[in-house]
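Colleague: For reference, the structure I am asking about is given below.
The values are calculated or read from the model by the stated rules, or taken from the named source; none is laboratory data. All values derive from a computational prediction rather than experimental measurement. Positions of Cβ are backbone-derived with ideal geometry, glycine not excepted, and every protein chain shown enters the neighbour counts. All accessible areas refer to the heavy atoms of the entire protein, side chains included, with ligands and DNA or RNA removed. Shrake-Rupley method; radii C 1.70, N 1.55, O 1.52, S 1.80 Å.
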Amino acid sequence: MKSVKAVGAKAEKSPLREFSIRRRGLLADDVEIEIMYCGICHSDLHQIDNDFGASVFPMVPGHEIVGRVISVGASVTHFKPGDYAAVGCIVDSCGSCPACERDLQQFCEHGTVLSFNTPDKYLGGMTYGGFAQTYVCKESYTLKMPHFEDMAAAAPLLCAGITVYSPLKHWQAGPGKVVGILGIGGLGHVAIRIAKALAAEVVVLTTSEQKVADAKRLGADDAVLTTDTEQMKRYAGKIDLIIDTVSASHDVNQYLKLLAIDGSVVLVGLPAEPIEIAAFNVVKGRRSFAGSNIGGIHETQEMLDFCAKHNITADIELVNVARINDAFSRLKKGDVKYRFVMDMSTLK
């Protein structure tokens, strides 16, 4: 067991500050990573504010972790010191339930262990995340990080990337398919790039005129201002798949009407309020409203390799540790294009 510096919240909605945490000593199948960069995700903000009612404090957030291996356990075979490595949302699961056997560890029937704010079976208390100097993770849950030209900009792929990649692959986005991306933010802007790399036709759906203008830069084929009835009519019955990234309250029925026969709206955002579906909007055209949640370890590695091959990263603003509270304040206001990433070397 060792003590390392970290940045976290001591209580609900409190400012983040530096303090020391414990990391477990290296077990035979463990990889220890010196953290270079850690993305700041909206889920981190939800946890700090206890929006889901399950936060435990003190808390160290961070689940988009990129770094270099500094030591490995005796039985580790796929990593060595100096390798680039990454840790995403999932750091353990039972490994034997039907979900885990299908490499869907995010749906583990006995409880997925997340990179932070989940019971820690090794040290007791809760797991601490990537807003820290180091992370220790089992080899089988540690990801090989391809060498991106901008490693900091690749950090958000560990959550935002897999969150949109998984439904795009599952619902078979590709040539001949029209994919709608609802909302251009941390998730949406990455979804545009991945859907285009899958060779789908990509249409952005947004309430922001400014983001309509930015959609083409991000690679979209078209953009629709959803408050404009005439623009929405152009795509009525024509979109095969809509990735809904919106976490605020919104009416999905207007987007269900845009679907082609057998089309699906897939929710990846997390609105706090219930969503109501009008029956005829799914009965007509055999349309579906579904959801998706991150992805398993194998699929996350597949996503990283795919994004490296196609030069896909996030648009980021790199911040040092001293600015973390300002970054969270701006994130709450939506004042970021499109993700914050912390330079963890500034914690030293």
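Colleague: Could you tell me which of the residues S208, S247 is more than 18 Å from the chain's Cα centre (by Cα) and at pLDDT below 95?
Modeller: The match here is S208.
Colleague: Only one of these conditions is not met by V266: (1) open to solvent by 20 Å² or more (accessible area, probe 1.4 Å); (2) under 19 Å from the mean Cα position of the chain (by Cα). Which number is it?
Modeller: Just one mismatch for V266, condition (1).
Colleague: Right, here's the next one. Given the criterion surrounded by fewer than 22 Cβ atoms within 10 Å (Cβ to Cβ) and touching a residue at least 40 places away in the same chain (Cβ under 8 Å), identify the matching residue among P146, P156, P167. Break it down into steps so the answer makes sense when it comes.
Modeller: Numbers: P156 fails: surrounded by fewer than 22 Cβ atoms within 10 Å (Cβ to Cβ); P167 fails: surrounded by fewer than 22 Cβ atoms within 10 Å (Cβ to Cβ).
It is P146.
Colleague: Just checking, does the range 289-297 include any residue being of a type outside the set (V, I, T), out of contact with any strand residue (DSSP E or B) (no Cβ under 8 Å at 6 or more places or on another chain), open to solvent by 60 Å² or more (accessible area, probe 1.4 Å) and over 15 Å from A160 (Cα atoms)?
Modeller: no
Colleague: If we scan the range 102-116, do we find a residue that is of a type in the set (D, E) and within 18 Å of the chain's Cα centre (by Cα)? So that I can check it myself, show each step before the final result.
Modeller: Step one: of the range 102-116, the residues of a type in the set (D, E) are 103, 109.
When the remaining residues are screened for being within 18 Å of the chain's Cα centre (by Cα), the result is 103.
Taking every residue of the range 102-116 in turn, at least one turns out to be of a type in the set (D, E) and within 18 Å of the chain's Cα centre (by Cα).
Colleague: Can I ask one more? What are the pairs with Cβ atoms under 6 angstrom where one residue, in the range 196-208, is at positive phi and the other, located anywhere, is of a type outside the set (D, E) and surrounded by fewer than 19 Cβ atoms within 10 Å (Cβ to Cβ)? Sequence gap at least six, or different chains.
Modeller: Here the result reads A199/G174; A199/P175, each pair linking the range 196-208 to a residue that is of a type outside the set (D, E) and surrounded by fewer than 19 Cβ atoms within 10 Å (Cβ to Cβ).
Colleague: Here is a further query. Could we say that V76 is within 18 Å of the chain's Cα centre (by Cα) and at pLDDT 95 or above here?
Modeller: no
Colleague: Let me ask something else. So, of the residues in the range 238-256 that are touching a Gly at 6+ places or on another chain (Cβ under 7 Å) and not in a strand (DSSP E or B), which turns out to be nearest to V190 (Cα to Cα)?
Modeller: T245
Colleague: Does the range 16-27 contain any residue that is closer than 20 Å to Y122 by Cβ, buried (at least 19 other Cβ atoms within 10 Å of the Cβ) and either among the small types (G, A, S) or within 19 Å of the chain's Cα centre (by Cα) (or both)?
Modeller: There is no residue in the range 16-27 that is closer than 20 Å to Y122 by Cβ, buried (at least 19 other Cβ atoms within 10 Å of the Cβ) and either among the small types (G, A, S) or within 19 Å of the chain's Cα centre (by Cα) (or both).
Colleague: Please find, within the range 219-228, the residue that is nearest to L267 (Cα to Cα) out of those that are open to solvent by 20 Å² or more (accessible area, probe 1.4 Å) and part of a loop (DSSP other than H, G, I, E, B).
Modeller: Of everything passing the filter in the range 219-228, T227 is nearest to L267 (Cα to Cα).
Colleague: Across the range 279-318, what is the total count of residues that are under 14 Å from the mean Cα position of the chain (by Cα), within 22 Å of D244 (Cβ to Cβ) and among the β-branched types (V, I, T)?
Modeller: 2
Colleague: Write out, first by first residue and then by second, each pair whose Cβ atoms fall under 8 Å of each other, whose residues are 6+ apart or on separate chains, and whose first residue, in the range 295-318, is on the phi < 0 side of the Ramachandran plot while the second is aromatic (F, W, Y) and open to solvent by 40 Å² or more (accessible area, probe 1.4 Å).
Modeller: Final answer for the pair search is L318/Y37.
Colleague: Out of E273, E299, I need the residue that is at pLDDT below 95 and either of a type in the set (D, E) or in contact with a Cys (Cβ under 7 Å, 6 or more places away or on another chain) (or both). Which one?
Modeller: Working: E299 fails: at pLDDT below 95.
On inspection, the qualifying residue turns out to be E273.
Colleague: What number of residues within the range 240-252 satisfy the criterion of being among the charged types (D, E, K, R) and either open to solvent by 50 Å² or more (accessible area, probe 1.4 Å) or farther than 25 Å from P271 by Cα (or both)?
Modeller: Of the residues in that region, 1 qualify.
Colleague: Quickly run through the range 193-218 and pick out the residues that are assigned to a loop (DSSP other than H, G, I, E, B), closer than 21 Å to F306 by Cβ and of a type in the set (G, A, S).
Modeller: Residues satisfying the conditions are A199, A200.
Colleague: Moving on. Can you find, within the range 42-69, the residue that is surrounded by the most Cβ atoms within 10 Å (Cβ to Cβ) among those that are out of contact with any Leu (no Cβ under 9 Å at 6 or more places or on another chain) and under 15 Å from G88 (Cβ atoms)?
Modeller: Residue satisfying both the conditions and the ranking: G62.
Colleague: Please find, among G237, G183, the residue that is in contact (Cβ under 8 Å) with a residue 12 or more places away in the chain, of a type in the set (G, A, S), open to solvent by less than 20 Å² (accessible area, probe 1.4 Å) and at positive phi.
Modeller: G183
Colleague: Another question about this same structure. Hand me the list of strands (runs of 3 or more DSSP E) wholly inside the range 32-150 holding 1 or more residues that are of a type in the set (F, W, Y).
Modeller: Result: 84-87, 134-138.
Colleague: Quick one: count up the residues across the range 257-274 that are out of contact with any Phe, Trp or Tyr (no Cβ under 8 Å at 6 or more places or on another chain) and in a loop (DSSP other than H, G, I, E, B).
Modeller: Step one: filter the range 257-274 for residues out of contact with any Phe, Trp or Tyr (no Cβ under 8 Å at 6 or more places or on another chain), giving 257, 259-263, 268-274.
Add one more test, that the residue is in a loop (DSSP other than H, G, I, E, B), and what stays is 257, 268-274.
Count: 8.
Colleague: In the range 326-348, how many are out of contact with any helix residue (DSSP H, G or I) (no Cβ under 8 Å at 6 or more places or on another chain) and open to solvent by less than 60 Å² (accessible area, probe 1.4 Å)?
Modeller: Here the count works out to 4.
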